[in-house]
Amino acid sequence: LEECHRESAHANIAKCNEALARMSGSIDMLESSVSGDKAAIKAFQMANEAMLLQRKQTLIKNNKEFIAEQVTWYPFQLAFILHELSSFIEPDGEERKTVDLLWFPTGGGKTEAYLGITAFVLFLRRIRKSTDDGVTVIMRYTLRLLTLQQFERASMLIFACELLRKKYHLGGSEFSIGLWVGGKLTPNTLAEARA
C-alpha cells in the first residue's frame, strides 16, 4: 500500500482482529457452557430452533416451500450474533460497554440477525432465572411501513419462543409483544385504551 493508506489499513485490520476475538470469545463461552452451567448453549440452541420456526411460518405465509435443511444463517448474521453474545452471557464484561451498529443494505437480513439475538436473550434470562419477566427488548423504527412489517416478523418470533417456552417447561409468564406507533394510531393512556 501507499504510505498514505497504511495507517487506515492497520486500523481496519486491528478492528477486524478485535471482532474476531469477540466472536471467538463467544464460541468459547458456548463451548464451556456445554460442560459448565449449560445456560448459554441451551439458550443458543433454543434461539436457533425459534428462528427456524419463525422462518417456517414466514415461508408458509408467503406461499413458499419450507425445507428445514435449506434454512441457514448468512455468514454476516451468524458473525453478528456471535459478536454480541458475550455481552449477554457475561453482563459484567467489557463488551457490555460497547454499542455496536449493524449496517447492511435493505433486504439483506439484518432483522434475522437481531431477532436471533433477541431469542437468545429471552431464553437465557428464563433459563438462568425462571421468573425473570418484564421488558427484555425495545425496538425502534423510524418508518411506519417498516414498523408494521418488522412487528409482524418479531411477532412470529415471539410466538415461536412461546411455543418453545411451553415445550421445554421454562418458567415465568408467557412471552408477549407490544406495539406503539404514535398517539394518532394507538392510545396514549390506559383510559383511552379501555375506551
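The values are calculated or read from the model by the stated rules, or taken from the named source; none is laboratory data. Not measured: the values here are computed from a predicted model. Cβ atoms come from the backbone with ideal geometry, glycine included; neighbour counts cover every protein chain shown. Areas reflect the complete protein model, heavy atoms only, side chains present, ligands, DNA and RNA absent. Shrake-Rupley method; radii C 1.70, N 1.55, O 1.52, S 1.80 Å.
Couple of notes before you dig in:
- Restricting attention to the stretch 154-181, the residues that are in contact with a helix residue (DSSP H, G or I) (Cβ under 6 Å, 6 or more places away or on another chain) and closer than 19 Å to Arg55 by Cα total 7.
- Every residue from the stretch 174-184 that is open to solvent by 100 Å² or more (accessible area, probe 1.4 Å) and touching a residue at least 12 places away in the same chain (Cβ under 8 Å): Glu174
- Tally of residues being surrounded by fewer than 12 Cβ atoms within 10 Å (Cβ to Cβ) and either of a type in the set (Ser, Thr, Tyr) or under 15 Å from Leu146 (Cα atoms) (or both) across the stretch 99-116: 3
- Pairs where the first residue, in the stretch 1-16, is open to solvent by 100 Å² or more (accessible area, probe 1.4 Å) and the second is outside any helix (DSSP H, G or I), C-beta under 6 Å, 6+ apart: none
- Among the candidates Ser155, Ser130, residue that is among the polar types (S, T, N, Q) and either open to solvent by 30 Å² or more (accessible area, probe 1.4 Å) or under 22 Å from Leu101 (Cα atoms) (or both): Ser130
- Among the conditions (1) more than 20 Å from Ala43 (Cα to Cα); (2) touching a residue at least 12 places away in the same chain (Cβ under 8 Å), the only one that Leu101 does not satisfy is (2).
- Selection status of Leu124, open to solvent by less than 20 Å² (accessible area, probe 1.4 Å), out of contact with any Lys or Arg (no Cβ under 7 Å at 6 or more places or on another chain) and at pLDDT 80 or above: yes
- Verdict on Gly183 being within 25 Å of Glu84 (Cα to Cα), of a type outside the set (Asp, Glu) and modelled with pLDDT under 90: no
- Contact annotation: residue pairs with Cβ atoms under 9 Å, 6 or more positions apart or on different chains, pairing a residue in the stretch 155-173 that is free of Cβ contacts under 8 Å to residues at least 12 places away in the same chain with a partner that is of a type in the set (D, E, K, R) and not in a helix (DSSP H, G or I), are Lys166/Glu174.
- Looking only at the stretch 79-94, residues that are in contact with a helix residue (DSSP H, G or I) (Cβ under 8 Å, 6 or more places away or on another chain) and surrounded by fewer than 19 Cβ atoms within 10 Å (Cβ to Cβ) come to 3 in all.
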